[in-house]
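K.L.:
After the structure tokens below, expect a handful of questions from me.
The values are calculated or read from the model by the stated rules, or taken from the named source; none is laboratory data. Source: prediction; values computed, not measured. As a convention, Cβ positions derive from the backbone with ideal geometry for all residues, glycine included, and neighbour counts pool all protein chains shown.
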Amino acid sequence: MGKTAGAGKRVVMLNFFKKPLIRGGVHATEHKAETAGKAIFCDFPLPSKLYIPLQQHVGKPAEPLIKVGDHVLKGQLLAYSQGLISAPIHAPTSGIIVDVSDYPAPHPSALPIRTVVLASDGQEKWQKFPVVPDPFALDPEEISLRVGAAGIVGLGGATFPSAVKLSQGRRNKVHTLLINGGECEPYLTCDDRLMQERPAQVIDGIRIMLHGLGASKAIVAIEDNKPDAFAAMTAAAQAYPQISVVQVPTRYPMGWDRQLIRYLMGQEVPAESRSTDVGVTMHNVGTAYATHRALRTGRPLISKIVTVAGSAVAKPMNIEVLIGTLISEVLDFCGADHSETARLVMGGPMMGEALPHPAVPIVKGSSGILALGATEIKSTVEQACIRCGSCVNACPAGLLPLEMMSRIKNNQLEAAVGFGLKDCISCGSCSYVCPSNIPLVHYFKYASGELAARQQAQHKTEQTKRLMQDKQARLERIKKQQDEEMRQMQLEKQQRELAKAAAAAAAEAAQTAQTEVTS
Ligand code: SF4
Ligand code: SF4
């Protein structure tokens with residue numbers, strides 16, 4: 001059951017009749033102490049150049065509306081969203097656009113991605129934004145529009161456009177907004193610090209989101225290893241009875257929406273359903289903060305608070321940096337020793353992405369930069385499965401990781417789907433506990449990618465087949481039409497010839513009759 005806010009505070013009654021329901025998960029070594037006690041550093045030197053990818057979100061990449069040589073103001077729109085699921089991109093500082101072309105993406109492949117390069121003019125001159133006097137006087141749809149225009153995406157790492165999620169929640173008439181303040185990934189403390197240092201703004205963002213959703217209540221879930229954040233958020237929410245702040249056990253992956261819904265509400269989100277089907281939608285605390293900023297100041301999302309940590313980092317900290325800042329510059333500022341870095345990770349160690357090099361930018365989804373030393377990473381020497389069942393116990397989705405893995409190894413991907421591959425959330429709990437160092441989650445990511453590629457290829461083949469069939473049918477239709485026209489023409493010709501012959505015969509008969517009369 002979620003704990004209450006303490007003496008003198010509102011009592012939150014949750015999950016009365018059922019025992020707490022937590023499925024699977026692991027108690028990962030936290031590594032949070034290095035940064036949890038330090039205030040967010042906000043004076044990072046302005047980079048001379050920012051590299052701003054046009055794809056920082058789930059959905060279609062943004063389309064640039066600037067060109068090389070343009071001068072832009074801080075916060076100015078650089079690229080607009082395309083299609084239903086997309087997000088716009090804004091200038092993190094004022095300066096000159098010096099390039100729009102391909103640069104390495106902050107991804108394990110580091111494959112090129114279309115990027116706007118902005119040379120700072122050092123002025124930090126903001127574009128003027130109209131301020132909304134009262135966001136609660138706006139139509140709920142207007143909240144989604146403004147959140148969308150500010151380029152806000154899920155800042156817990158999912159990067160799904162938040163405006164779309166708000167609209168979906170409203171359409172599905174969700175009753176509860178769940179706010180994930182769990183930050184269950186080891187090392188990361190940026191959400192913890194945000195809740196400690198800017199709780200009033202986060203709560204304000206939650207109130208605005210509630211209005212945009214038309215939901216009746218919000219629950220902020222904070223793991224019990226963050227007592228200061230819990231106290232700060234509880235105090236900030238005191239005046240708003242529609243917002244409950246609750247503590248949940250520290251257990252990875254507690255921030256998964258299904259896990260929280262099960263634990264806090266005793267409700268199971270059925271497989272192949274969404275949380276909105278049970279009346280709940282979840283957003284991250286960082287997203288709530290960005291919503292507050294966008295609605296209260298009109299300013300778009302152009303900076304990110306990231307945790308920089310790992311044993312190769314001399315000065316681990318939480319730092320607010322402009323989107324587009326190179327990770328190498330952030331690491332240098334924090335005194336990272338590249339020769340000591342055995343693995344560079346963007347995000348947390350469980351679900352983050354290993355980067356091949358640091359010459360890639362901070363993006364909207366970056367929550368952590370970890371320069372991990374050799375002692376902090378698990379051995380990569382894979383051994384045979386001993387069928388200990390630890391992975392099964394650890395899986396929060398109730399899957400059978402060892403069975404999926406053995407099917408994938410034998411290239412039986414469909415059989416792996418039968419064991420629940422599509423329900424895998426890539427949390428990495430199974431890999432974490434495996435005594436044989438089997439990188440189970442890597443197999444699942446590979447298989448999911450392969451299945452998606454095969455599905456895409458099949459879709460393409462079917463589309464090509466359909467196009468060919470359509471073409472064939474069209475050609476047959478044209479031929480039939482031409483044959484019919486030809487038949488018609490021949491018929492008309494015959495009729496004309498017959499009429500001509502009949503006319504000639506009639507004329508001849510008339511001539512003969514005339515001759516006979518005359519003679
Ligand atoms: S945890 Fe590893 S060794 Fe144990 S059953 Fe799962 S895959 Fe096999
Ligand atoms: S990565 Fe997938 S299979 Fe492994 S524990 Fe997480 S959800 Fe289960």
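K.L.:
I'm trying to understand the selection: among the residues of segment 156-173, which are over 19 Å from Leu301 (Cβ atoms) and crowded, with 23+ Cβ neighbours inside 10 Å?
P.N.:
Result: Gly169, single match.
K.L.:
Further, regarding this structure: Within the set of pairs 6 or more residues apart or between chains, which connect a residue that is in contact (Cβ under 8 Å) with a residue 60 or more places away in the chain inside segment 372-392 to a residue that is outside any loop (DSSP other than H, G, I, E, B) and more than 8 Å from ligand 1 (Cβ to nearest atom) with Cβ atoms less than 6 Å apart?
P.N.:
Short answer, once both residue conditions are applied: Leu372/Arg343; Gly373/Glu340.
K.L.:
Turning to a different aspect of this structure: Based on what the data block shows, is Gly352 within 14 Å of ligand 2 (Cβ to nearest atom) and in the same structural domain as Gly310 (by TED's automatic domain parsing)?
P.N.:
Against the criterion (within 14 Å of ligand 2 (Cβ to nearest atom) and in the same structural domain as Gly310 (by TED's automatic domain parsing)), Gly352 qualifies.
K.L.:
Sticking with this one: Taking only segment 365-399 into account, find how many residues are surrounded by 16 or more Cβ atoms within 10 Å (Cβ to Cβ) and within 16 Å of ligand 2 (Cβ to nearest atom).
P.N.:
Of the residues in segment 365-399, 9 are surrounded by 16 or more Cβ atoms within 10 Å (Cβ to Cβ) and within 16 Å of ligand 2 (Cβ to nearest atom).
K.L.:
Kindly indicate whether Lys409 is within 16 Å of ligand 2 (Cβ to nearest atom) and outside the structural domain of Tyr252 (by TED's automatic domain parsing).
P.N.:
Against the criterion (within 16 Å of ligand 2 (Cβ to nearest atom) and outside the structural domain of Tyr252 (by TED's automatic domain parsing)), Lys409 qualifies.
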